[in-house]
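The values are calculated or read from the model by the stated rules, or taken from the named source; none is laboratory data. The structure presented is a predicted model; accordingly, all values stated were derived computationally and were not measured. Glycine gets a Cβ as well: all are built from the backbone with ideal geometry, and neighbour counts include every protein chain shown. For accessibility, only protein heavy atoms count, side chains too; no ligands or nucleic acids. Shrake-Rupley method; radii C 1.70, N 1.55, O 1.52, S 1.80 Å.
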Amino acid sequence: MSEITTILPTSRAIRSHILNEQSEDGFLSNYLTIGEFLQRALRVDGYHRVDEDTRTLLLLEAADFKNFTTLNIERNFFTFTQNASYLFRFFEELSGELVEIESLECADTYGDYEEHITILQELYVRYKALCEEKKILDPVFLPQQYKLNESYLRSLGEVELYALGYLTNFEMEVLLSCADIIPLSLRSSANRFNTKLTK
């Protein structure tokens with residue numbers, strides 16, 4: 001049986017890869033998506049993962065402060081639910097690139113949005129406090145809280161990851177840490193869109 005675990009970006013990429021795989025012994029590699037791999041390879045003791053509904057409700061609760069109205073996002077449930085995805089995407093992008101929200105105050109790019117950044121910082125701090133109080137793990141806070149699940153990683157054998165798109169700084173940090181524990185190879189094609197990954 002194959003002792004290689006193949007990690008691909010999506011389930012669709014896995015299906016395509018399986019159709020093209022030709023194994024001499026007739027066994028397929030073990031396949032995971034990058035999301036499945038990260039979910040299993042990283043752990044935060046004492047916390048449980050948040051579902052989308054709870055996540056939105058907690059963010060709504062965190063948004064209960066006076067200056068939040070300056071963002072022009074209504075706090076009624078329906079409207080807030082529609083706009084919460086934009087707020088989460090902003091926090092997720094910072095998290096994925098390992099950028100502390102406090103550092104945005106120093107960035108010239110955001111000078112025109114200084115007041116909004118301050119409000120988003122307060123929202124972030126309030127949301128984080130609620131998650132910590134309830135022992136809920138939001139992926140936004142994963143880079144600050146995770147430990148590697150070393151026994152799981154060792155059970156994978158050799159890992160071959162196909163980077164067909166963009167990997168965040170956080171994903172790269174995790175992969176480099178995993179490579180200290182298990183044999184891990186990264187396969188990618190260089191092009192003008194992934195020069196950062198190539199470097």
Principal axis dimensions, segment 43-85 - Cα atoms, whole angstrom, descending
37, 19, 12
Expressed in nm to one decimal, what extension gain is obtained for the pair THR118 and GLU102 from 0.36 nm per residue of sequence separation less their Cα-Cα distance?
4.9 nm
Quick one: 3J(HN,Hα) in Hz for segment 39-45, Karplus 6.51/-1.76/1.60 with θ = phi - 60°, rounded, Gly and Pro as x.
4, 8, 7, 10, 9, 10, 5
Cα-based helix-to-principal-axis angle, 11-20 vs the chain, degrees rounded to 10
10 degrees
Three semi-axes of the equivalent ellipsoid, segment 1-104, Cα gyration tensor, whole Å, largest first:
40, 15, 13
Could you report the chain's accessible area per residue, 1.4 Å probe, as an integer in Å²?
61 Å²
Please list TYR86, TYR127 in order of solvent-accessible area, largest first, computed with a 1.4 Å probe with all protein chains present.
TYR86, TYR127
The answer for LEU156, listing residues at least 5 apart or on another chain whose modeled amide H is closer than 5 Å to its amide H, is none
Probe radius 1.4 Å, ligands and nucleic acids ignored: give me the carbon and sulfur share of the accessible area of segment 62-162 as a rounded percent.
49 percent
Search the structure for amide H atoms under 5 Å from the amide H of LEU42, placed 1.01 Å from N in the peptide plane, and list their residues when 5 or more places away or on another chain.
ASN149
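Can you pull the Rg over Rh of the chain, Cα-only, Kirkwood? Mind showing how you got there, number by number?
On the way: Rg = 19.8 Å, Rh = 19.2 Å.
Looking at the chain, the ratio lands at 1.03.
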Point-charge dipole on Cβ atoms (K/R +1, D/E -1) for the chain, about Cα centre, debye to 20:
380 debye
Rounded to the nearest whole Å³, what is the per residue volume of the convex hull around the Cα atoms of segment 48-161?
135 Å³
Given R₀ = 22 Å, what would the calculated FRET efficiency be for LEU186 paired with GLN39, taking r from the Cβ atoms and rounding to 0.05?
0.70
Radius of gyration and maximum dimension Dmax of segment 122-199, Cα, Å:
16.0, 45
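Find how much the distance from THR168 to THR70 grows on full extension, using 0.36 nm per residue of separation minus their present alpha carbon separation; answer in nm with one decimal.
Numbers: separation 98, 0.36 × 98 = 35.28 nm, distance 3.07 nm.
Contour length minus the Cα-Cα distance gives 32.2 nm.
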Counting DSSP beta bridges with both ends in the chain, the antiparallel % (nearest 5):
10 percent
Kirkwood hydrodynamic radius (Cα pairs, Å) of segment 125-168?
13.4 Å
